[in-house]
């Protein structure tokens, strides 16, 4: 079997289940490795690699607290947030050049699902009537608005080269190109996307994932009123989102190592390579966290505008230079 | 059941539906004129809307046509109607929007009898615009629509602000009509006919200069009516002052007639213009989309915010139309059909969610008497149905899957990507299409921000005023209308596959290309095979529903939630601690400060001799760059010029005789 066109029916469901299980199992670990490296950079020992799992288990067992001001939106938003991000995770190729549910939607659907998750979370943060919720929510949607053009343009560049916005086609195109894929336009787009990942997952210099200093919070501000299983769900969703975005990055920009045929050995290899790539992306983020200071929020248009410009330059090279 | 119908029966049904629609609107106007039966008027208008939507669906799905023409007046045919698939797409928008808007006022007295009569006639005039098959009939219907909508904006006893908004609207709409009139006159002069069909046949014989001039003039007219960016200034002022159900139809449908006209004349009748025209429309679309949503974000008047959002959505639609024109001009006709289908789909979708949001805003205004977001809050508790419906509309307009707005924006993205990738057009134009992808991405992300703000600040958190804390739920008809539209948003989202493919068929016949499927990116229901990008709307929708249900079950704790106060650093929570609409938009206001040119003023008064503030006043405003920096000064300059010219009018008869003599003298000199 050549291309992985067999990803329909039972095979798709099986692949989806496997991908989901792996992502769910490894998402907290990825966060743990980032924290570990960051701690080492700060000359601390840092918590063990199982700490995110312990945190989730702890919150899972706690009785929920609900604000007097909040209603159904705050109660049900965590489920919507996680469901959208989980669904997005199934549309991204990981171990193979094709995503389990790749025939269901393309890169714009992935972007749309992440936007839906952001919408639900930002709305829930306003439901509790907290100033910190409003602060986090308003900053998060503003930063995402700045990041979105870079995100979409970077992926559009690869889609243009591959001839389709289907992430599977883009990934297979990259695999067929080999090392020749890494032309200047491609690298510019990859750089743009890397900046966007930093902003979208709330790492330095855009946001500090570990801060609880009230006036500087972005993502944490939105979670401040969440508790119990809601908090666990939202924290897990943000860990999962990092996995999804990092996988989109590797599928679109560095697909090397993914299986191009549907057989156990290449798939297994693709799985291992995929996990290694996730780990590497995480380590880069950890390096940033440990070495770069947080920017003033007013500096963000420059950083994220740079991402859009890089992506646009890449596109210009692709379209204008024959 | 309908599939089993004989096609000829279906074809005969469509004209009957039109007669019924027109009769329903006519009877609605008539009954509004008679006090004893005035209460039936909204019911009849609702029926008219339903019939119009049914006729539209028939035209789009059946791809049939309906034609009617009436008597001649002075050699002109004022009643020449021809409805085809393109009309059908906009009829669906008209039907959905007007049915729901009319339903929402069932059982309510209009502000005045005049308004009761004008409203159904306004709907009727839109019906006529969408079918007019010659220039005379079109302009007649177009001008009726403009005047009737102006009547609805003014109302019977307008305040000063309303008069000012209404006058601006009247002036701008007449600029539009004048431009279209001159454009049509050029075409009539070049072809010797007023008939659109005759124009289409004669296109090759029209001199390019005449054709381009006519296209440009009609574009100015239609873009003004649509509210595209530099010509939009009337829209955010006129829409909010009308009653909410009228604002809903104006925003949901009336501005779409500008799009309809542009597609009808530019794409259908003239078969596409030069490529700079397509590029111009694309640029207008991109600028309208970004500027519309940026200005919408800065508003804290709910209805004004929604009006600015119409500019954004018109921008998204124009991006589709512009790409279609660009691609059509270079012979990439299949892609052009895809782009046009995106525009048509977004037109229908926008009618659904914008009408819904305006009706929601109307319900909020009824319940609280407030339009200022900064004094609302916590309304979800008092008006849950309105809040849920508004939330669905907000998610749909923000372009979130699996709702309808996402499906049409997905198609627009695909059209742009197709245009950027095709070798049919020049590299510079391809780059323009690629850059527009970025503008569209920015727009959708800002729309998310804007509607989180509008929904959250209005319905969630704590009430910011006593009016907001004593609000009541919307009336039954209002709730029914909103539920209908929310259902439409979901249905058009999950059923986007069949809807988009029917509209693609329509677009292909408008552009006159092969119906046989080229492998275009498509919205489908289930997973597709092959490499072409697709969005399986129904499958993704079901996946999300299952996933949300599953996670929600999992998350639900067995233990009851304990109620606590929101953490406010140890003080008792107050509504004033919450972010307001103004503060919510602050990061974006600062990020885009070079475009928005914000000003702020903080005035603090202290208690005598202390550093404790007694009162703090905060004012924050943005500069509407076009109004304040271009139109305002131009207006002032023209007033000054007029004042200066007044000096010529001395009032003495001798002076006027002297002018006459001077004029004659100059004429004689010139004629020598």
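Read the figures in this text as sums done on the coordinates, not as results from a lab. Note that the structure is a prediction, hence the values are computed from the model and not measured. For neighbour counting, all protein chains shown are included, and Cβ atoms are generated from backbone atoms with ideal geometry for every residue, glycine included.
Ordering of B:399-407, B:226-234 by packing is B:399-407, B:226-234, highest average first (other Cβ atoms within 10 Å, averaged per residue). What the Cβ-Cβ distance of residue B:200 and residue B:529 gives, at R0 = 56 Å and to the nearest 0.05, is a FRET efficiency of 0.90.
Extension gain for the segment residue B:473 to residue B:653, taken as residue separation times 0.36 nm less the Cα-Cα distance, is 58.0 nm to one decimal.
Listing A:108, A:262 from fewest to most neighbouring C-beta atoms within 10 Å gives A:262, A:108.
What is the list of residues in the stretch B:566-600 whose amide nitrogen lies under 12 Å from a point 7 angstrom out from the Cα of residue A:216, following Cα to Cβ? Zone members listed by number: none at all.
Extending 7 Å from Cα along the Cβ direction at residue B:193 and again at residue A:42 yields two label points whose distance is 7.8 nm. Summarising the strand pairing of the protein assembly as shown, around 70 percent of its internal DSSP beta bridges are antiparallel.
What is the stretch B:470-548 by shape, rounded, prolate or oblate, if you read a ≥ b ≥ c off the alpha carbon gyration tensor as root eigenvalues and call it rounded for a/c under 1.5, prolate for a/b larger than b/c, and oblate otherwise? The shape class here is oblate. By the count of neighbouring beta-carbon atoms within 10 Å, fewest first, B:583, B:102 end up ordered B:583, B:102. Extending 7 Å from the Cα toward the beta-carbon at both residue A:295 and residue B:601 defines two label points whose distance is 3.4 nm.
Report, in degrees rounded to the nearest 10, the 0 to 90 angle that the Cα long axis of helix A:184-200 makes with the longest principal axis of chain A. Once rounded, one gets 20 degrees. Each of B:668, A:224, A:315 was scored by other Cβ atoms within 10 Å of its Cβ. Arranged with the fewest first, they read B:668, A:224, A:315. Computed from the Kirkwood radius of its Cα pairs, the Stokes-Einstein diffusion coefficient for chain B at 37 °C and 0.692 mPa s stands at 124 µm²/s. Overall form of the stretch B:375-519: oblate. Here a/c, set by the Cα gyration tensor axes a ≥ b ≥ c, is 1.5 or more, and a/b is not larger than b/c. Averaging over all projection directions, the Cα-based convex hull of the stretch B:362-435 occupies 7.2 nm² in the image plane.
Over all Cα atoms in the stretch A:9-320, the spread is summed up by Rg and Dmax: 19.0, 59 Å. On a per residue basis, the convex hull of the C-alpha atoms belonging to the stretch A:80-238 measures out at 114 Å³. Computed over the stretch B:98-166, the Cα gyration tensor eigenvalues convert (square root of 5λ each) into semi-axes of 24, 17, 8 Å, ordered from largest to smallest. Is the stretch B:484-614 best put as rounded, prolate or oblate by its Cα gyration tensor, with a ≥ b ≥ c the root eigenvalues, rounded for a/c under 1.5, and otherwise prolate when a/b is larger than b/c, oblate when not? Because a/c hits 1.5 or more and a/b fails to exceed b/c, the stretch B:484-614 counts as oblate.
The spread of Cα positions in the stretch A:222-308, taken along each principal axis and listed from longest to shortest, comes to 48, 38, 23 Å.
Taking all Cα pairs closer than 8 Å and separated by 6 or more residues, the relative contact order of chain A comes to 29 percent. Counting only Cα atoms, the stretch A:64-107 measures 49, 17, 11 Å along its principal axes, largest extent leading. Compared with the direct C-alpha span, the chain from residue B:560 to residue B:594 gains 7.2 nm at full extension, assuming 0.36 nm per residue.
Simple spin-label estimate for residue A:62 and residue B:112 gives 6.1 nm between the two label positions (7 Å along the Cα-to-Cβ direction from each Cα).
On the beta carbon distance between residue B:34 and residue B:159, with R0 = 22 Å, the FRET formula returns roughly 0.15. Distance between the C-alpha centers of the stretch A:140-200 and the stretch B:77-108? Whole Å please. If you average the Cα positions of each part, the centres end up 43 Å apart. Mean per-residue shielding of peptide B:567-577 is 3, counting Cβ atoms of other chains within 10 Å of each Cβ.
With all projection directions averaged, the alpha carbon convex hull of the protein assembly as shown covers 49.0 nm².
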